[in-house]
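Peer 1: Dumping the structure here so I can ask a few things about it.
Only the coordinates and a few stated rules stand behind these numbers; no lab work does. Computed from a predicted model, the values in this text were never measured in an experiment. Reconstructed Cβ throughout: ideal geometry from the backbone, glycine too, with neighbour counts over all protein chains shown.
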Amino acid sequence: KQEVTQIPAALSVPEGENLVLNCSFTDSAIYNLQWFRQDPGKGLTSLLLIQSSQREQTSGRLNASLDKSSGRSTLYIAASQPGDSATYLCAVPGTYKYIFGTGTRLKVLA
Amino acid sequence: GAGVSQSPSNKVTEKGKDVELRCDPISGHTALYWYRQRLGQGLEFLIYFQGNSAPDKSGLPSDRFSAERTGESVSTLTIQRTQQEDSAVYLCASSPRPSLANTEAFFGQGTRLTVV
């Protein structure tokens, strides 16, 4: 049974820092991995989708990497800003649904 | 519309009343998902639609919860005899293909349900 874990659970950093969020999954036979952002009480916004054949994806200040063999993905945020404050979720597809990680709650201090 | 639309955005109801939550998926998206998120907790899968059939409804927590979908269009999640434990944000997502193996899902902004 696939399990997805994210560490740290919460992170508070000063503005301008580069930071790394971690996602681990127990079954390496995944088709893809997706990173989402969720603002409090809101829906999910897709950030990056990495296919199993890819090693990384970049969008602006965000870079996500995928290492299937070790069951890990990282989301790198460069030059963090207060507007980046949110919960970040990783997810892998199951048979009919996403299996979500536990989330990292990020706070970027001005 | 351009994205997944959910209504209402907020709903306050009295314990014991029935509520209906609506989801309008992206046009042409064949797959539709409902999730629930209680305050401070992760996302709980409720049900998956492929067209108007539901191959996986394993996440519906009790027989008070039901959902239906009209073709590849709107879906309604109904909660009967609401309880305070039903208070949560209910999220809907849709995707263009049946399997998430080769596509991604797009989420709506959710309906915040408060049972008082």
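Peer 1: So how compact is the stretch B:50-116: Cα radius of gyration and Dmax in angstrom?
Peer 2: Rg then Dmax for the stretch B:50-116, in Å: 13.3, 42.
Peer 1: Considering only the other residues whose Cβ falls under 15 Å of the Cβ of A:SER53, what net charge follows from Lys and Arg at +1 and Asp and Glu at -1?
Peer 2: Residues near A:SER53 contribute 0 overall.
Peer 1: If you don't mind, another one. Radius of gyration and Dmax for the protein assembly as shown's Cα atoms, expressed in Å?
Peer 2: Cα-based Rg and Dmax for the protein assembly as shown come out at 17.6, 51 Å.
Peer 1: For the stretch A:16-64, how big is Rg over Rh, using alpha carbon atoms and the Kirkwood form of Rh?
Peer 2: Details: Rg = 12.4 Å, Rh = 12.5 Å.
In the stretch A:16-64, Rg relative to Rh is 0.99.
Peer 1: With 22 Å as the limit, write out which pairs from A:LYS1/A:LYS107; A:LYS68/A:LYS97; A:LYS42/A:LYS107 have Cα-Cα distances beyond it, or answer none.
Peer 2: A:LYS1/A:LYS107
Peer 1: Once the mean 1/r over all distinct Cα pairs of chain B is inverted, what Kirkwood radius in angstroms do you read off?
Peer 2: 14.1 Å
Peer 1: Ok, one more. Quick one: pull the percentage of alpha-carbon pairs in the stretch A:58-99 with a separation above 11 Å.
Peer 2: Across the stretch A:58-99, Cα pairs with separations above 11 Å total 75 percent.
Peer 1: Quick one: compute the contact order of the stretch B:18-105, relative version, from alpha carbon pairs under 8 angstrom and 6+ residues apart, as a percent.
Peer 2: Relative CO of the stretch B:18-105 lands at 38 percent.
Peer 1: Find the Cα radius of gyration of the stretch B:27-80, compare it with 2.2 N^0.38 Å by division, and give the number to two decimals.
Peer 2: The stretch B:27-80 yields a ratio of 1.14.
Peer 1: Quick one: Cα convex hull volume of the stretch A:1-87, Å³ per residue?
Peer 2: Roughly 103 Å³ of hull volume per residue.
Peer 1: To continue, here is another question. Which order do peptides B:13-25, A:53-65 fall in by mean Cβ count within 10 Å, highest first?
Peer 2: Top of the packing list down: B:13-25, A:53-65.
Peer 1: Average partner chain C-beta neighbours within 10 Å, per residue of B:93-101?
Peer 2: That works out to 4 on average.
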